[in-house]
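Comments concern the structure below.
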Amino acid sequence: MSKSTMLRQLTMLKLIPKHPSYILTKQVHQHLFDEGFNVSKRTVERDLDNLALLVGIDFTKSVDGFKWAYVSTVSEFTPAITPSEALLLCIA
């Protein structure tokens, strides 16, 4: 896993709210694009799918696309460090 992949995934996890709130895949993708991550929407979906197995996020399908949220029995994933600090840690 590259450093940019890890940073991207940490950034995505910080965006996801706790159920009953949710975020759409296209919103996650747009936020990542705004942060300088040049990845496809499908890559974002794959990342979220893989992360869902690890940290307790779930999705539902809607007419607007997939909605992502932390399941109500799991606390949100909020890393103690910022993505920039995580990158510096990886470089060190």
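The values are calculated or read from the model by the stated rules, or taken from the named source; none is laboratory data. Since this is a predicted model, take the numbers as computed values, not measurements. Cβ atoms come from the backbone with ideal geometry, glycine included; neighbour counts cover every protein chain shown.
Assorted remarks:
- Test: residue in region 56-69 that is part of a helix (DSSP H, G or I) and either within 17 Å of Leu7 (Cβ to Cβ) or among the basic types (Lys, Arg) (or both): no
- Residues satisfying the stated conditions in region 12-50, i.e. in a helix (DSSP H, G or I), surrounded by fewer than 18 Cβ atoms within 10 Å (Cβ to Cβ) and touching a residue at least 24 places away in the same chain (Cβ under 8 Å): Lys14, Lys26
- All positions within region 59-75 that are modelled with pLDDT of 90 or more and surrounded by 14 or more Cβ atoms within 10 Å (Cβ to Cβ): Phe59, Gly65, Phe66, Lys67, Trp68, Ala69
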